[in-house]
1. Please work out which residue is farthest from ALA144 (Cα to Cα), limiting yourself to the range 19-46 and to residues that are surrounded by 10 or more Cβ atoms within 10 Å (Cβ to Cβ) and hydroxyl-bearing (Ser, Thr, Tyr).
2. Identify, please: which residue in the range 109-157 is among the hydroxyl-bearing types (Ser, Thr, Tyr) and surrounded by 14 or more Cβ atoms within 10 Å (Cβ to Cβ) and is, among those, farthest from ILE85 (Cα to Cα)?
3. Does THR100 count as crowded, with 18+ Cβ neighbours inside 10 Å, farther than 14 Å from ALA151 by Cβ, among the hydroxyl-bearing types (Ser, Thr, Tyr) and in contact with a helix residue (DSSP H, G or I) (Cβ under 9 Å, 6 or more places away or on another chain)?
Amino acid sequence: MVLLVWLHVLAAVAWIGGAIFLSLVLVPVLRREAFASQKAVLIRTTALRFRAVVWVSIATLLLTGPMLLHQRGIPIADPARWPTILSVKLSLVAILLLFTVTHDLILGPRVGRILQIPAESRTSSDHTIVAWSPWVARSSLLLALAVLMAAVVLVRT
């Protein structure tokens, strides 16, 4: 049980901690003029590396979560008997996974292709996608923090 909890928490820490680092440390530093010429390649390289961490974390969380619920005697196959906070947490997780898939597999690659096009040749749709893509990532971070809060409440009930 302790190993399962440790793996679950480690996966959450890796995902959320990495997202906080990217949002609050790396991206602001790369916005400085000194990094202007390297910004795109550094963000892309870091994001691709972090993507692997995120998906390993997701797999770990999806594997250990049901096992932890089973250990606590919460019937996985009977949502009617779940504590309300578990239903909230899993709903947030579903939305977070949707955002993550959208960002990593659709928007990210699309933005990468758009950024290869000279700015003056981009369509208004291209500009909109580039502008909104970071907001999907920021929203994912907020959702992840909400999932973390729900997890804390769940273990305290």
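1. Here the residue is THR45.
2. SER133
3. yes
Table: residues versus (1) of a type in the set (A, V, I, L, M); (2) touching a helix residue (DSSP H, G or I) at 6+ places or on another chain (Cβ under 7 Å); (3) without any contact (Cβ under 8 Å) to a residue 40 or more places away in the chain.
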{"residue": "LEU7", "(1), (2), (3)": "yes, yes, no"}
{"residue": "LEU10", "(1), (2), (3)": "yes, no, no"}
{"residue": "ALA19", "(1), (2), (3)": "yes, yes, no"}
{"residue": "LEU26", "(1), (2), (3)": "yes, yes, yes"}
{"residue": "LEU30", "(1), (2), (3)": "yes, yes, yes"}
{"residue": "ALA36", "(1), (2), (3)": "yes, no, yes"}
{"residue": "ALA40", "(1), (2), (3)": "yes, no, no"}
{"residue": "ARG44", "(1), (2), (3)": "no, yes, no"}
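Bear in mind that the values in this text are calculations on the coordinates, not laboratory data. This is a predicted model, so every value here is computed, not measured. Every residue, glycine as well, gets a Cβ built from its backbone with ideal geometry; the counts of neighbours run over all protein chains shown.
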